[in-house]
1. Taking the stretch 220-257 as the search range and keeping residues that are assigned to a helix (DSSP H, G or I) and small (G, A, S), which one is farthest from N191 (Cα to Cα)?
2. Keeping to the stretch 219-240, report how many residues are within 12 Å of G208 (Cβ to Cβ) and either touching a residue at least 40 places away in the same chain (Cβ under 8 Å) or among the β-branched types (V, I, T) (or both).
3. For the stretch 131-151: of the residues being surrounded by fewer than 19 Cβ atoms within 10 Å (Cβ to Cβ), within 24 Å of V21 (Cα to Cα) and touching a residue at least 60 places away in the same chain (Cβ under 8 Å), which is farthest from the chain's Cα centre (by Cα)?
4. Restricting to the stretch 152-171, and then to whatever is among the hydrophobic types (A, V, I, L, M, F, W, C) and within 24 Å of I218 (Cα to Cα), can you tell me which residue is surrounded by the fewest Cβ atoms within 10 Å (Cβ to Cβ)?
5. Considering only the stretch 81-101, how many residues are in a loop (DSSP other than H, G, I, E, B) and in contact with a Lys or Arg (Cβ under 8 Å, 6 or more places away or on another chain)?
6. Tell me which residues, restricted to the stretch 56-98, are over 30 Å from I108 (Cβ atoms) and β-branched (V, I, T).
7. Could you please let me know if V51 is more than 22 Å from F162 (Cα to Cα) and over 19 Å from the mean Cα position of the chain (by Cα)?
8. Can we say H78 is within 30 Å of I136 (Cα to Cα) and either in contact with a strand residue (DSSP E or B) (Cβ under 6 Å, 6 or more places away or on another chain) or surrounded by fewer than 17 Cβ atoms within 10 Å (Cβ to Cβ) (or both)?
Amino acid sequence: MKSKDKDQKKDYELVFGKNPVLEVIENSKAQVNKIWINEQLSDHDFRKRVVSFAKEKKIPYHFVPSQKLNSLTNNQNHQGIVMSISPVEYISVSEIIEDTLTNNSKVILIAHEIEDTHNLGAMIRTLVAGGGRGVILTGRKNVGINATAIKTSAGTIFQTKFARATNCVNVLNTLKESGFWVVGAETSPDNESIYKTNFPEQVAILMGNEHEGLGPLIKKNCDFTLRIPISERIDSLNVSVAFGIILFEVLRQSKYT
């Protein structure tokens with residue numbers, strides 16, 4: 001018999017750190033449920049900004065000792081501020097495509113079975129830096145959006161739309177039918193270098209699991225599988241670093257030249 005706790009979905013997420021909290025205040029439509037502020041927070045302007053926001057939105061807020069914030073965040077770097085928000089909402093893949101095209105964005109990130117929340121958050125931050133706004137999480141092992149991903153993204157998660165799907169191949173086919181070319185990142189020396197590829201106008205960049213990469217069926221359904229040329233002294237790059245390199249080569253060709 002499964003425990004009741006495992007069957008229940010978490011009905012809140014924590015946002016902590018000054019930049020993520022400011023993103024919620026300035027750019028997000030996230031529903032904020034409660035705010036905890038370090039009673040000894042020395043940044044008075046920031047403190048005033050948070051309290052003003054809480055009063056305007058009628059959100060409960062509490063001044064608490066640092067130990068309370070450490071407990072809430074499992075001793076992560078909270079910078080004296082923690083928010084409880086409703087979980088990030090997922091939309092459909094079709095809605096991601098429509099939103100991307102409507103906002104004249106050229107790139108979608110497909111994160112397939114990414115297991116490290118820091119990697120996911122870093123890729124989202126990079127995507128937003130490059131003008132992207134659509135993320136599709138595929139596979140069964142994908143971590144999803146949580147407090148660590150929010151913190152690592154520096155709050156840029158709140159400038160992004162998300163979809164979630166188990167079957168990656170179906171997602172790739174939907175993207176291709178909508179005019180996107182799917183680029184899979186792979187380390188094999190048989191793949192063409194990203195620097196010898198002419199990227200099309202609309203690209204979905206597919207990044208695979210940190211340990212297993214992309215499976216054969218998924219690679220078969222990509223339009224391209226490309227590699228980043230690196231020194232023979234290492235086997236591969238961190239997935240978030242690799243995504244940044246590919247993204248900005250795509251943008252260099254389509255936007256900056």
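The values are calculated or read from the model by the stated rules, or taken from the named source; none is laboratory data. Fair warning: this is a prediction, and the values are worked out from it, not measured in the lab. Note that we place each Cβ from the backbone using ideal geometry, even for glycine, and neighbour counts take in every protein chain shown.
1. Step one: of the stretch 220-257, the residues assigned to a helix (DSSP H, G or I) are 220, 239-254.
Next, from what is left, pick out any that are small (G, A, S): 240, 242, 244, 254.
Numbers: S240: 19, A242: 15, G244: 18, S254: 22 Å.
My answer is S254.
2. Here is the first cut: in the stretch 219-240, the ones within 12 Å of G208 (Cβ to Cβ) are 219, 222, 225, 236, 239.
Subset that is either touching a residue at least 40 places away in the same chain (Cβ under 8 Å) or among the β-branched types (V, I, T) (or both): 222, 225, 236, 239.
Residues flagged as within 12 Å of G208 (Cβ to Cβ) and either touching a residue at least 40 places away in the same chain (Cβ under 8 Å) or among the β-branched types (V, I, T) (or both) within the stretch 219-240 amount to 4.
3. Per the criteria, the residue is G131.
4. Just the residues of the stretch 152-171 that are among the hydrophobic types (A, V, I, L, M, F, W, C), to begin with: 154, 157-158, 162-163, 165, 168-169, 171.
Filter once more, so that each one left must be within 24 Å of I218 (Cα to Cα): 162-163, 165, 168-169, 171.
On the way: F162: 19, A163: 21, A165: 18, C168: 23, V169: 15, V171: 27.
Ranking the candidates gives V169 first.
5. From the stretch 81-101, those in a loop (DSSP other than H, G, I, E, B) are 86-90, 92; that's our starting set.
Subsequent filtering for residues that are in contact with a Lys or Arg (Cβ under 8 Å, 6 or more places away or on another chain) retains 87, 90.
The total comes to 2.
6. Of everything in the stretch 56-98, those that are over 30 Å from I108 (Cβ atoms) and β-branched (V, I, T) turn out to be I59, V64, T73, I81, V82.
7. Numbers: more than 22 Å from F162 (Cα to Cα): yes; over 19 Å from the mean Cα position of the chain (by Cα): yes.
When the stated conditions are applied, V51 passes them.
8. Details: within 30 Å of I136 (Cα to Cα): yes; either in contact with a strand residue (DSSP E or B) (Cβ under 6 Å, 6 or more places away or on another chain) or surrounded by fewer than 17 Cβ atoms within 10 Å (Cβ to Cβ) (or both): yes.
So H78 fits the description; yes.
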